[in-house]
Amino acid sequence: MVATTVTVDGVAVGRVERPTTTAEVAAVLREAAADGHTVVPTGAGTKITWGLPPHSADVLLDLSGLDGVVEHEAGDLIVTARAGTPLAQVQEQVASAGQRLLLDETVPGGTVGGILATNASGPRRLLGGTMRDLLIGVTFVRADGVIARAGGKVVKNVAGYDVGKLLVGSYGTLAVVTECTFRLHPVPRARRWLTAPVGSGQEAHALTQAMIHAQVVPAAVDVAIDADGRGTLTVLLEGRPDGVEGRADVVRRLLGETAESDHAPEGWGGYPWDATATERDVALKLAFGISGLGDVLEAARGLIVRGSSGAGVLYAALPATGSDPADIAATVERLRGVCVHHRGSLVVLDAPVGLKPALDVWGPVPALGLMQRVKDEFDPDRRLSPGRFVGGI
Amino acid sequence: MTTTPIQRLTRRARELLPPAGVITDEARLRTYECDGLAHYRVTPALVVIPEDTGQLAGIVRACAELGVPYVARGSGTGLSGGALPHAEGVLVVTSRLRAIREIRVEDQRAVVEPGVINLDVTRAATPSGYYYAPDPSSQQVCSIGGNVAENSGGAHCLKYGFTTNHVTGVEMVTPDGELVRLGGDAPDTPGYDLLGAVVGSEGTLGVVTEVTVRLTRLPEKVVTVLAGFDSTDRAGAAVSAIIAAGVVPAAVEMMDALSIEAAEAAVQCHYPAGAGAVLVVELDGPSSDVDAEYADVAQLCEQNGAFEVRTATDAAERALIWKGRKSAFAAVGRISPDYIVQDGVIPRTALPEVLRRIGELSEQSGVRVANVFHAGDGNLHPLVLFDDAVEGAGQAAEEVSRAILDLCIEHGGSITGEHGVGADKAPYMARMFAEDDLDTMQLVRCAFDPDRISNPGKVFPTPRLCGERPGRRRGVHPLQEAGLAEVF
């Protein structure tokens, strides 16, 4: 136990615990349960301010010491890593066998557990999906300190409920994940990024539609749009050298003028905000049916926007400094309206802590009653990251 | 005179549904007594066949009010007894809910009713250059609602994933009668991924009334390779080499000598003569990539001892290669009066060892086992052959079958890769999972269905008591009530 003046998104932390095994995590949680203490799990802390601030953080459960790859079975294309393992470390280890975990590192240093908790994703989600599609097994500790597992070590497995999917994107409010097993993919032999300028949201829309309907199987189709509504669209092709070359021809025909590289362009796959800045931007995640891309980009004109246009997920940065909170809230609601119209959602991932009370961070959430019931079953005393998630969960 | 809940439900059903949709006649009820796993039979107390999703929701709501257990059934093709009826309950059949409501290519989505046949989604999308990727071998008859319940896979899930990776949203009736939407068109709906829990929950968390699926672009080129080997070990080594080379085939299927024999007898597929094992490897994608991968696969098969490699590049030739594989289950009927199909999964690298152990089991017991499997992902489908007319044969087959599942668990695998747990494998759940694991899964059940009226008796060996539900909140959230928060 460490005495501390640490805070989590402005909330004072009672003490920090740094367990290094699942059993130690269970011991901390059992003790917290007995004492009625609230617990906020964290990994590298790169996304700890996402969501709402917790109501209370008696214990900050620092999982960065619960790290390391436990098992990499190259022949079975699976890897098991402890939750506090940085994604980059997993990638490095599996790369030795010509394999990769098909997740992008959207924030440097992020751990697999943190990516799981926030369901963070990058451009390659178009090819590999997100955490929910790659997680095949999970070990976790419940709020009452009970250790449990779901899934397993094989990709194909329909035995029992897929509790892992419930934990993905649950922001540390259901249980504390300690170990994850993922399916892996081979590292492609060739890759090519092709970037074309776009002059408007509607042009980005038209080119995105052309890319996803062409038979080029893009690994990513993403956009980077500046405040003036102009920017670029980048297509990533991966595969056999001959295959990539053949598909690049098709892409060139459809995109016209392109810049090409065998390496990721500067800033590709990152968020449009600077998470390390002292004055945080309001960080928005916009999701929508892909036919809504043009409308969403038009509505977001004036903001810096990045994201997977091919998957229908964009990120936008809304400068907070010097703006009236009511104006920011109005902008959030206006953009949310467009996303909802296109069958999607808008979430305020992050914002300066003083601004969060003025914003509807999560927006309308369908089936919230069921979610409350799930929470009540897993954490009836509401001690895990209380208040951070939807509906006050 | 008091009426039973089922009598009251029948009355409600007659109000909600047209007469043809309410079946109470004993002889007709009996036609629904089993699904694809025919040795489990229970006659339901009532069968209802709603004609629209409003009627479907109404029936479930009535069950919730009256506390009557219900079981949803799509086409009844399941192989784990997941749609086995409940003797005091109602069987809700979705087979008339077959409207494909929307095909939206610009969103790569289709919206369908739960009774829509899997292959019909693909048929509807093909003119636009799209298809629905999950392809269970029953895809010509199985329903999307059933696929959602079972998280169905298929031969091509090696590359494309399972139902859970292709369903982006559902509308469902919960066991307390509430109509909710989970997920949608767009990805990453805020809140818990309840959809991820519902897909594959085998009808124990509610009944879906509408399903939104992702449509996948049809591949530019498809090549299917058939390779003959003298043993499953050699064929297995070829699979390992293909995976190690970084190729992700759309499908890799293997059949052993006994299953080849059965397929030949049934459909004359003319697989390489004298083969101890055949591999079917399908590659799909952009032409130039497929060509490069094909060269690798053909070479790796030969290097690992394939004595014959055939290649199909058009639909007719492909169908010929797939004919033997797809007929395998039915074909064993030619060489054995009865059989048990298992669906265990092992890490692919354990294949040679597990196949050897299955061979030993077969030898020791005198029970023949034909092996057909998805070799790429280690999903075995051992067909345990027996003649029920011979005394003790059924039991001997059961024992071998159980021992095979134990082998799967011992090797860190799963008791089911795609058929589901259902009524059949519920007792095995306690071998694969610890008590705390099963207890935790049932927390989800308690949140959705504390009274266990939705497909009771399936999946879990021992039901968890959900207690008094202290935290169930239906109205205003306490924080909101206390004025601490306005918007959620």
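Key figures for this structure:
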read-out	value
For residues of B:421-430, the mean tally of beta carbons on other chains within 10 Å	1
Rel. contact order, % - alpha carbon contacts under 8 angstrom, at least six apart, the range A:188-361	26 percent
Gyration tensor verdict on the range A:188-361 (Cα atoms; rounded if a/c is under 1.5, prolate if a/b is larger than b/c, oblate otherwise)	prolate
All-pairs Cα distance distribution in the range A:283-393, expressed in whole percent, bin size 5 Å	2, 11, 22, 19, 17, 14, 9, 4, 1
Bins of 10 Å, starting at 0 and running to the largest distance - Cα pair percent for the range B:368-440	18, 46, 28, 8, 0
Dipole magnitude (debye, nearest 20) for the range B:323-421, charges at Cβ of Lys, Arg, Asp, Glu	560 debye
Per residue Cα convex hull volume in Å³ - calculated over chain B	176 Å³
Highest-fluctuation residue, A:Phe288, A:Phe378, A:Phe140 considered, GNM on chain A with Cα pairs under 10 Å	A:Phe378
Over 27 Å (Cα to Cα) - which of A:Lys156/B:Lys458; A:Lys153/B:Lys159; A:Lys165/B:Lys221 fall in this group	A:Lys165/B:Lys221
Selected from B:Asn147, B:Tyr40, B:Val112, residue furthest toward positive end of dipole (chain B; charges at beta carbon)	B:Val112
Helix axis angle, A:241-255 relative to chain A longest principal axis, alpha carbon, degrees	70 degrees
Computed over chain B: relative contact order in percent, which uses C-alpha pairs under 8 Å that are six or more apart	14 percent
Shape call, the range B:1-115: gyration tensor on alpha carbons, a/c limit 1.5	oblate
For A:302-312, mean number of other protein chain Cβ atoms within 10 Å	1
Angle between chain B longest axis and helix B:287-303 axis [Cα atoms, degrees, rounded to 10]	60 degrees
Charge dipole (the protein assembly as shown, unit charges on Cβ, about Cα centre) - positive-most of A:Val168, B:Thr174, B:Val421	B:Thr174
Helical contribution to [θ] at 222 nm, DSSP H n ≥ 4, -39,500 (n - 2.57), averaged over the protein assembly as shown, rounded to 500	-9500 deg cm²/dmol
Surrounding net charge for A:Arg280, when Lys and Arg each add one and Asp and Glu each subtract one, Cβ distance under 12 Å	-4
Rounded, prolate or oblate (a/c below 1.5 giving rounded, otherwise prolate when a/b exceeds b/c) for the range A:25-164 by Cα gyration tensor	prolate
At q = 0.12, 0.14 Å⁻¹, base-10 log of I(q)/I(0) for chain A (Debye sum, equal scatterers on each alpha carbon)	-0.97, -1.27
10 Å Cβ neighbours from other chains, averaged over peptide A:373-386	5
Column: log10 I(q)/I(0), Debye, Cα scatterers of the protein assembly as shown, q = 0.07, 0.08, 0.10 Å⁻¹	-0.54, -0.71, -1.15
Net dipole in debye of the range A:20-82 [+1 Lys, Arg Cβ; -1 Asp, Glu Cβ; about Cα centre; nearest 20]	220 debye
Nearest-ten-degree value, helix B:435-448 long axis tilted from longest Cα axis of chain B	50 degrees
15 Å beta-carbon shell around B:Pro19, net charge (K/R +1, D/E -1)	+2
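Bear in mind these aren't lab numbers, they're just calculated from the coordinates by the rules spelled out. Keep in mind that this is a model prediction, so the values were computed, not measured. As a convention, Cβ positions derive from the backbone with ideal geometry for all residues, glycine included, and neighbour counts pool all protein chains shown.
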